[in-house]
Amino acid sequence: MPTSVKTLPWELSDELWRQVAPLLPQMVPKTRGRGRARRKVGGRPRVPDQTVLAGILYVLRTGCQWKAVPRAYGSGSTVHLRFQQWERAGVFRRMWRSGLAEYDDLEGIAWRWQAVDGAMTKAPLGGEATGPNPTDRGKKRDQAPPPGGRDWHPALPRRQRGERE
């Protein structure tokens, strides 16, 4: 009798992995040579995509830096590089569309009725104090003199050394 492994709510489950795996681009092995002389090039073994995706989800969930990813998910550089490659390949957009389609099948989405959350009102405390427009705010001409300073005007227009008033 097979036992199912229960994962924590924030971990990548096997069921989710089975849904996501077909959406990922296929890895092309590095090769050298032509025709029959073509052979694979050595190097470090590739970190499995499932492990890297779990690392990406860890970063997105915690908000940590890429270099702070736990080693269990691979190096931070590897996780970030794969994230960038998958983003350029449109993997996350396909994941979103797939999840949206599945939700539509399960619950149904009212596609005819959509709302955007926003507000188009004046600022309650705005007005003349904010200035004519955002680009004109904070210009030097409108600033007050620095605190603690005083206006200094010489009493005489010019004085020679040794001269007294």
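Every number here is computed from the coordinates shown, using simple stated rules; none is lab data. Note that the structure is predicted; figures quoted are calculated from it, not measured. Glycine gets a Cβ as well: all are built from the backbone with ideal geometry, and neighbour counts include every protein chain shown.
Here are a few things to note about the model shown:
- For region 71-114, taking the residues that are among the β-branched types (Val, Ile, Thr) and over 12 Å from Ile56 (Cα atoms), the one that is surrounded by the fewest Cβ atoms within 10 Å (Cβ to Cβ) is identified as Ile109.
- Residue pairs whose Cβ atoms lie under 6 Å apart, separated by 6 or more positions or on different chains, with the first residue in region 10-27 and surrounded by 14 or more Cβ atoms within 10 Å (Cβ to Cβ) and the second assigned to a loop (DSSP other than H, G, I, E, B), are Ser13/Thr7.
- When region 31-66 is filtered for residues that are more than 26 Å from Asp14 (Cβ to Cβ) and either of a type in the set (A, V, I, L, M, F, W, C) or part of a helix (DSSP H, G or I) (or both), the ones remaining, listed by number, are Gly35, Arg36, Ala37, Val41.
- Test set (1) without any contact (Cβ under 8 Å) to a residue 40 or more places away in the chain; (2) among the small types (Gly, Ala, Ser); (3) under 18 Å from Glu15 (Cβ atoms) - Ser98 fails condition number: (1)
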